Amino acid sequence: MNKTRQIPIRLRNSVTCPHCWHDFSPEDTVWVSQHLDLRDDIRLEDGQPLRFTPTRFTVQGNAIDSGGVVCEQVACPRCHLVVPRALFEMPPLFVSITGTPSCGKSYFLAAMTWQLRRIMAKSFAMSFADADPALNRVLNSYEENLFLNPEPDKASKLNKTEEGGDLYNVVRYDKQNVTYPKPFLFTIKPSEHHPKYHQSARSSRIISVYDNAGESFEPGKDSRANPVTRHLARSNLLMFLFDPTQDPRFRDTCRLHTQDPQVVNQPVTARQETVIHEIADRIRNNTSLGQNEKHTRPLLVVVTKYDAWWRMFGEERLKEPWDSTRQENLCALNLSAVLDVSRRLRDLLWEHCPELVSSAESFAKQVYYLPVSSTGCGPESDAESGIMKIRPKDIRPMWAETPLLFALSRFDTGMIAHSDRSRNNTKGNG
Ligand SMILES: Nc1nc2c(ncn2[C@@H]2O[C@H](COP(=O)(O)OP(=O)(O)OP(=O)(O)O)[C@@H](O)[C@H]2O)c(=O)[nH]1
Ligand SMILES: [Mg+2]
Ligand SMILES: [Zn+2]
């Protein structure tokens, strides 16, 4: 029987594994056995179900394992890790979130996905959903901790991202173990009342994003056995998170205007532009990008913890950068407003840390600067332990969704409507 017929209808010619980034043809997909005796897969930790190339299928197209049990999960033929079926139908969009330790990557990831689930549906007639809730379990627990916490008055925190453990899969190749970061996968599709709903097959995307530890961007931390940031080479969208509270020049200027312990009590200082140099090196080493060429994919410099440094920039709360259109429940992203903020933020960064702007712009052709506050307020520092926590009831993110919305609108599917500065003149889908 022809294997390609068994996986969903409009198959893509090639699929990229979000775990090991191997490109494979759908017909090479392996399936995950269900029969309890079929255990101890060669690549995975002991006890994991065997992966197999099927010869028998049900009429619905699911494989039958050698124990006669119907199977539903499919996996990558190289690393044997489970991949969602949506990958066979939708083009992937790899997003890399980079930055020094404690610059705010995990909080940003949680706030971004939480906001996008609601805003995409309510304002842009798009759905943003887990491609596979089991794969997104850790990120979902971050969101629940911050935004659905049953004890909203009790100070809480997200744990520091470790360089090993729960966020990684270990795969055995002959005698070598390789550690891959677990991807978080989301599908983006137009919903029924979107004007381009009929084009959804062409415009849907599967987003693959990772939560790396900041230490993984230090020199020497990515290797053959530990390719934890290899997504950089595949990345369609690079986000570099710059944390002004780690910069003494920013701290000196905003110290008088904030109680944030990251500014006043326990400052962490980091040479953050070194991360840009490191990601540039890794991308050059793993792609055909020459030493003197600029990267052609967009680089977003996401400037985190806006709540701590807003006085250096403007209003206390950033306004939502989208306007309503004539169509109910469909907004248009105001690109001019976003670009204006980007220009003003570039000026501020140029004044205080020109080496950062220069590193970003000498690496990538298109660089944009976007302020974000994942929490909308600063954490409190525990008097004894110094651990920083925040009360879930106080959390009100600002612009956490904007970097991805902006990138989708400007560089990708055309599914996010956009408008110009006049706010009446709507282009795109509006
Ligand atoms: N004021 C303020 N603090 C924030 C914000 N987002 C995160 N933080 C604080 O920044 C600290 C680090 O945040 P994380 O998201 O864990 O940082 P990370 O980049 O994931 O760090 P690693 O996992 O070590 O790489 C925490 O103590 C948060 O309370 C924000 O929007 N505003
Ligand atoms: Mg983290
Ligand atoms: Zn793989």
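Which of the residues belonging to segment 191-245 are in contact with a strand residue (DSSP E or B) (Cβ under 6 Å, 6 or more places away or on another chain), under 20 Å from PRO298 (Cα atoms) and aliphatic (A, V, I, L, M)? If the condition is that a residue be in contact with a strand residue (DSSP E or B) (Cβ under 6 Å, 6 or more places away or on another chain), under 20 Å from PRO298 (Cα atoms) and aliphatic (A, V, I, L, M), then ILE206, ILE207, VAL209, LEU232, LEU237, LEU238, MET239, LEU241 are the ones that fit. Scoring GLN60 on the criteria (1) part of a loop (DSSP other than H, G, I, E, B); (2) under 29 Å from ARG202 (Cα atoms); (3) of a type in the set (S, T, N, Q); (4) in contact (Cβ under 8 Å) with a residue 60 or more places away in the chain leaves a single failure, condition (4). Of the helices (runs of 4 or more DSSP H) lying entirely inside segment 104-204, those carrying at least 1 residues that are within 16 Å of ligand 1 (Cβ to nearest atom) are 105-124, 137-147. One residue stands out in segment 411-428 among those that are in a loop (DSSP other than H, G, I, E, B) and more than 23 Å from LEU300 (Cβ to Cβ): the one that is modelled with the lowest pLDDT, namely ASN425. Looking at (1) more than 30 Å from ILE387 (Cβ to Cβ); (2) touching a residue at least 60 places away in the same chain (Cβ under 8 Å), which is the only condition LEU289 fails? Among (1) more than 30 Å from ILE387 (Cβ to Cβ); (2) touching a residue at least 60 places away in the same chain (Cβ under 8 Å), the lone unmet condition for LEU289 is (2).
Condition check for VAL263 on (1) part of a loop (DSSP other than H, G, I, E, B); (2) touching a Cys at 6+ places or on another chain (Cβ under 9 Å): one failure, at (1).
Of all residue pairs spaced 6 or more apart or on separate chains, those with beta-carbon atoms under 7 Å, a first member in segment 36-55 that is assigned to a loop (DSSP other than H, G, I, E, B) and a second member that is of a type in the set (Ser, Thr, Tyr) are LEU38/SER66; LEU50/SER33.
Does PRO190 satisfy being buried (at least 17 other Cβ atoms within 10 Å of the Cβ) and out of contact with any helix residue (DSSP H, G or I) (no Cβ under 7 Å at 6 or more places or on another chain)? No: the conditions fail for PRO190. Is it the case that segment 107-120 has a residue that's more than 16 Å from ligand 3 (Cβ to nearest atom), without any contact (Cβ under 8 Å) to a residue 40 or more places away in the chain and either closer than 30 Å to ALA201 by Cα or surrounded by fewer than 19 Cβ atoms within 10 Å (Cβ to Cβ) (or both)? Yes, segment 107-120 contains at least one residue that is more than 16 Å from ligand 3 (Cβ to nearest atom), without any contact (Cβ under 8 Å) to a residue 40 or more places away in the chain and either closer than 30 Å to ALA201 by Cα or surrounded by fewer than 19 Cβ atoms within 10 Å (Cβ to Cβ) (or both). Screening ARG271, ARG224, ARG230 for residues that are under 22 Å from PRO92 (Cβ atoms), under 25 Å from the mean Cα position of the chain (by Cα) and not hydrophobic (A, V, I, L, M, F, W, C) leaves exactly one candidate, ARG230. Do we have ASN169 as surrounded by 18 or more Cβ atoms within 10 Å (Cβ to Cβ), of a type outside the set (Gly, Ala, Ser) and farther than 29 Å from ALA121 by Cβ here? It is true that ASN169 is surrounded by 18 or more Cβ atoms within 10 Å (Cβ to Cβ), of a type outside the set (Gly, Ala, Ser) and farther than 29 Å from ALA121 by Cβ. Here SER208 meets each of (1) within 16 Å of ligand 3 (Cβ to nearest atom); (2) closer than 22 Å to MET126 by Cα; (3) free of Cβ contacts under 8 Å to residues at least 60 places away in the same chain with one exception, condition (3).
When you look at SER359, is it within 17 Å of GLN262 (Cβ to Cβ) and touching a residue at least 12 places away in the same chain (Cβ under 8 Å), yes or no? So SER359 fails the test. Within the option set VAL178, VAL171, being within 24 Å of LYS221 (Cβ to Cβ) and in contact with a Cys (Cβ under 7 Å, 6 or more places away or on another chain) holds for one residue only, VAL171. Which of (1) within 11 Å of ligand 2 (Cβ to nearest atom); (2) more than 27 Å from GLN48 (Cβ to Cβ) is the odd one out, the single condition ASN159 does not satisfy? Failed condition: (2).
Exactly one residue out of LEU349, LEU370, LEU408 is part of a strand (DSSP E or B) and aliphatic (A, V, I, L, M), and it is LEU370.
The values are calculated or read from the model by the stated rules, or taken from the named source; none is laboratory data. Here the structure is a predicted model, which is why all the values come from computation and not from measurement. Glycine gets a Cβ as well: all are built from the backbone with ideal geometry, and neighbour counts include every protein chain shown.
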